[in-house]
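Peer 1: There's a structure below that I have some questions on.
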Amino acid sequence: MNTSTYIPESFLADVKSYIPEHLTIEDFVKACQSPLRRSVRVNTLKMSVEEFKQYCHTNDWLIDAVPWCDNGFWLTRPEAEEEKLPIGNTELHLSGCIYVQEASSMLPPMALAEALEDSQVVLDMAAAPGSKTSQLAAMMDNQGVLIANELSSSRVKVLAANMKRMGVANCALSHFNGSIFGDYMFECFDSILLDAPCSGEGTVRKDADALKNWSLQSNIDISDVQKQLIRSAFFALKPGGTLVYSTCTLTPVENQAVCSYLLEQFKGLIEIEPLDKLFDGAEKATTDQGYLHVWPQIFDSEGFFIARFKKTGSVDNPEQKIKKGAFPFTATDVKLQNTFHCYIKKHFGIKTLSGNLMTRDKELWLFPDALEQLQNKIKYARLGIQIGTTHKNGVRLEHEFATALGHHATDNTLAMSQQQACDYFQGKDIRLAQPTTKTGEVILTLCGAPVGLGKWQKNKVKNSLPRDLVSNAQLITWV
Ligand code: SAM
């Protein structure tokens, strides 16, 4: 019980005015003051759920399935390990096999699951730090194209780093106020997630000070931003497309009222898709309108709100705009494409890569196929993945080639031991048990997942980990 959790009286008075009849304010306060169970999501781009379960069994990690997400688990590690090694320094985390994600935050992407089966072009309008972007990318199996947008520049960097760690290859990152999408990308998307900026009332279990600056006025102010964003999302969505709106807050001002605004503004063109059957037990959190209003005491989680809509008709957006300025990439010339494909086939056994090879100065990038129709609509912060840099004798591979595509390699890979992996992430060269006659680049793996590149050198592998990823912390082992 965390009795230092700050819960202002004015907030409680407001909650009392809208808490549903079947829940009590006492249980709500008790839940807000209880520690949150840690949950993780298995990144199926890197590891299967079966492999994860086996790993947990071998390492005495206790897991409990999250009922609404096949890849989500509440996780308890042995006490000594938990004390000495933060989860972010474990091998499963460093290798991108897991993402620490609150269980209720897995719900919004799950609400898009059916729609994603037929979606080529998807927008995550407020994406950083990227828990849901990486969940969406895994659900899309790295196919199609996922545009992940974030307003804050420092958070775009975190988003990019997370996508690299998770091996996401179908993403384009942008750095705008989400309100521009309706104007610049009118009816471009099959599915949209708007996980909106909000007052975060549902997050007090993680952050005891989350309600420090709470006021009804600030709820109202944020709801103005949310309305702008949901309006933009409506215009950016194709007719027939699906929109999921979510927040980690509880107040109807930022939830039901924003949804009502959407339904009123676009009467007859958008309808609610109820979420009461999303998973067994969903009805416990479903409102009369068909939204999920997840109170922390219902599933012992953070508070969340999720609404799903289908766009049933079209209306013109008179504010549509066209981006000016040249596109800085060109299709990679055929000779370089052939050289590159021959190299990765001969050296790593990688026979095909889906996507388009594109060049900007000396950089070689791989764009998702479906990006072509969208690549000049807005200016992107990052498009696809940078897989190499050209030089006079060919192409030098980049770190992301390994993290996103390394699982296709059948040759010149090295499964690192825990000690070797510690050395690798600490920026040291990796000693080999036996000298090797192999030469050139090698893809390094950990827990079966590709994590980076090195160079064979007789008794060792020379480390190619980018400097900004080097860590001097206690990693992987703790004894
Ligand atoms: N979807 C993220 C995830 O699952 O990791 C969490 C998103 S968080 C709830 C909302 C994000 O929206 C914040 O990163 C915030 O910086 C960003 N944001 C705030 N105002 C925005 C705007 N007008 N347009 C786009 N993003 C915005």
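Derivation of every value follows stated rules applied to the coordinates shown; laboratory data play no part. None of the values given here were measured: they were computed from a predicted structure. When we count neighbours, we look across all protein chains shown, and the Cβ atoms used for this are built from the backbone with ideal geometry, even at glycine.
Each row is one residue, and each column tells you yes or no for (1) within 16 Å of the chain's Cα centre (by Cα); (2) among the acidic types (D, E); (3) closer than 30 Å to G240 by Cβ.
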| position | (1), (2), (3) |
| --- | --- |
| N71 | yes, no, yes |
| E79 | no, yes, no |
| P86 | no, no, no |
| E91 | no, yes, no |
| S119 | no, no, yes |
| V122 | yes, no, yes |
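Peer 1: A further question follows. Output the residues belonging to the stretch 358-387 that are assigned to a loop (DSSP other than H, G, I, E, B), without any contact (Cβ under 8 Å) to a residue 60 or more places away in the chain and either at positive phi or touching a strand residue (DSSP E or B) at 6+ places or on another chain (Cβ under 6 Å) (or both).
Peer 2: Listed by number, the residues that qualify are D361, K362.
Peer 1: Could you list, in sequence order, all residues of the stretch 464-479 that are over 23 Å from A402 (Cα atoms) and of a type in the set (S, T, Y)?
Peer 2: Passing the criteria: only T477.
Peer 1: Can you tell me which residues in the stretch 238-266 are under 23 Å from the mean Cα position of the chain (by Cα), over 17 Å from G290 (Cβ atoms) and away from the ligand (no atom under 16 Å from the Cβ)?
Peer 2: K238, G241
Peer 1: Also: Could you list, in sequence order, all residues of the stretch 340-362 that are among the hydrophobic types (A, V, I, L, M, F, W, C) and exposed (fewer than 13 other Cβ atoms within 10 Å of the Cβ)?
Peer 2: Scanning the stretch 340-362 gives a single hit, C342.
Peer 1: Take the residues in the stretch 65-81 that are charged (D, E, K, R) and farther than 18 Å from A282 by Cα; name whichever of them is surrounded by the fewest Cβ atoms within 10 Å (Cβ to Cβ).
Peer 2: Filtering the stretch 65-81 for residues that are charged (D, E, K, R) and farther than 18 Å from A282 by Cα, the one surrounded by the fewest Cβ atoms within 10 Å (Cβ to Cβ) comes out as E79.
Peer 1: Can I ask one more? Tell me which residues, restricted to the stretch 38-60, are surrounded by fewer than 16 Cβ atoms within 10 Å (Cβ to Cβ) and part of a loop (DSSP other than H, G, I, E, B).
Peer 2: S48, N59, D60
Peer 1: So, in the stretch 191-212, exactly how many residues are out of contact with any Pro (no Cβ under 9 Å at 6 or more places or on another chain) and away from the ligand (no atom under 16 Å from the Cβ)?
Peer 2: Of the residues in the stretch 191-212, 2 are out of contact with any Pro (no Cβ under 9 Å at 6 or more places or on another chain) and away from the ligand (no atom under 16 Å from the Cβ).
Peer 1: Residue under question is P67, and the condition is that it be within 23 Å of L278 (Cβ to Cβ), in contact (Cβ under 8 Å) with a residue 40 or more places away in the chain and out of contact with any Phe, Trp or Tyr (no Cβ under 7 Å at 6 or more places or on another chain); does it hold?
Peer 2: no
Peer 1: Which of (1) away from the ligand (no atom under 13 Å from the Cβ); (2) touching a Phe, Trp or Tyr at 6+ places or on another chain (Cβ under 6 Å); (3) polar (S, T, N, Q) is the odd one out, the single condition S174 does not satisfy?
Peer 2: (1)
Peer 1: May I ask you to say which residue of A148, A138 is part of a helix (DSSP H, G or I) and among the aliphatic types (A, V, I, L, M)?
Peer 2: Just one listed residue meets the conditions, A138.
Peer 1: Output the residues belonging to the stretch 328-338 that are surrounded by 15 or more Cβ atoms within 10 Å (Cβ to Cβ) and among the polar types (S, T, N, Q).
Peer 2: T332, Q337
A quick yes/no check of all residues on (1) farther than 18 Å from I270 by Cβ; (2) in contact (Cβ under 8 Å) with a residue 12 or more places away in the chain:
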{"position": "F186", "(1), (2)": "no, yes"}
{"position": "D190", "(1), (2)": "no, yes"}
{"position": "D195", "(1), (2)": "yes, yes"}
{"position": "D207", "(1), (2)": "yes, no"}
{"position": "N219", "(1), (2)": "yes, yes"}
{"position": "V225", "(1), (2)": "yes, yes"}
{"position": "I230", "(1), (2)": "no, yes"}
{"position": "T242", "(1), (2)": "no, yes"}
{"position": "Y245", "(1), (2)": "no, yes"}
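Peer 1: I'd like to check something: does the stretch 17-30 contain any residue that is touching a strand residue (DSSP E or B) at 6+ places or on another chain (Cβ under 8 Å) and either touching a residue at least 12 places away in the same chain (Cβ under 8 Å) or not in a helix (DSSP H, G or I) (or both)?
Peer 2: Yes: the stretch 17-30 contains one or more residues that are touching a strand residue (DSSP E or B) at 6+ places or on another chain (Cβ under 8 Å) and either touching a residue at least 12 places away in the same chain (Cβ under 8 Å) or not in a helix (DSSP H, G or I) (or both).
Peer 1: Now, a different point. Can you find a residue that is more than 28 Å from V204 (Cβ to Cβ) and β-branched (V, I, T) anywhere in the stretch 254-272?
Peer 2: Yes, the stretch 254-272 contains a residue that is more than 28 Å from V204 (Cβ to Cβ) and β-branched (V, I, T).
Peer 1: Quick one: how many residues across the stretch 192-205 are among the polar types (S, T, N, Q) and more than 16 Å from L229 (Cβ to Cβ)?
Peer 2: 1
Peer 1: Please enumerate the residues belonging to the stretch 290-322 that are charged (D, E, K, R), in a loop (DSSP other than H, G, I, E, B) and farther than 25 Å from S199 by Cα.
Peer 2: Selection gives D316, E319, K321.
Peer 1: Hey, L229 hits all of (1) more than 25 Å from D190 (Cβ to Cβ); (2) within 16 Å of the ligand (Cβ to nearest atom) but one; which does it fall short on?
Peer 2: (1)
Peer 1: Mind checking which pairs have a first residue in the stretch 313-324 that is over 21 Å from I272 (Cα atoms) and a second that is surrounded by 10 or more Cβ atoms within 10 Å (Cβ to Cβ) and of a type in the set (K, R), Cβ under 8 Å, 6 or more apart or different chains?
Peer 2: K323/K377; K323/K379
Peer 1: Here is a further query. Identify, from the list G88, G96, the residue that is on the phi > 0 side of the Ramachandran plot and either surrounded by fewer than 20 Cβ atoms within 10 Å (Cβ to Cβ) or within 16 Å of the ligand (Cβ to nearest atom) (or both).
Peer 2: Checking each option against the conditions leaves just G96.
Peer 1: Do you know which residues across the stretch 44-75 are of a type in the set (F, W, Y) and under 20 Å from N142 (Cβ atoms)?
Peer 2: F52
Peer 1: Now a separate question. Which residues, taken from the stretch 126-164, are more than 9 Å from the ligand (Cβ to nearest atom), polar (S, T, N, Q) and touching a residue at least 24 places away in the same chain (Cβ under 8 Å)?
Peer 2: Answer for the stretch 126-164, where residues must be more than 9 Å from the ligand (Cβ to nearest atom), polar (S, T, N, Q) and touching a residue at least 24 places away in the same chain (Cβ under 8 Å): N142, Q143.
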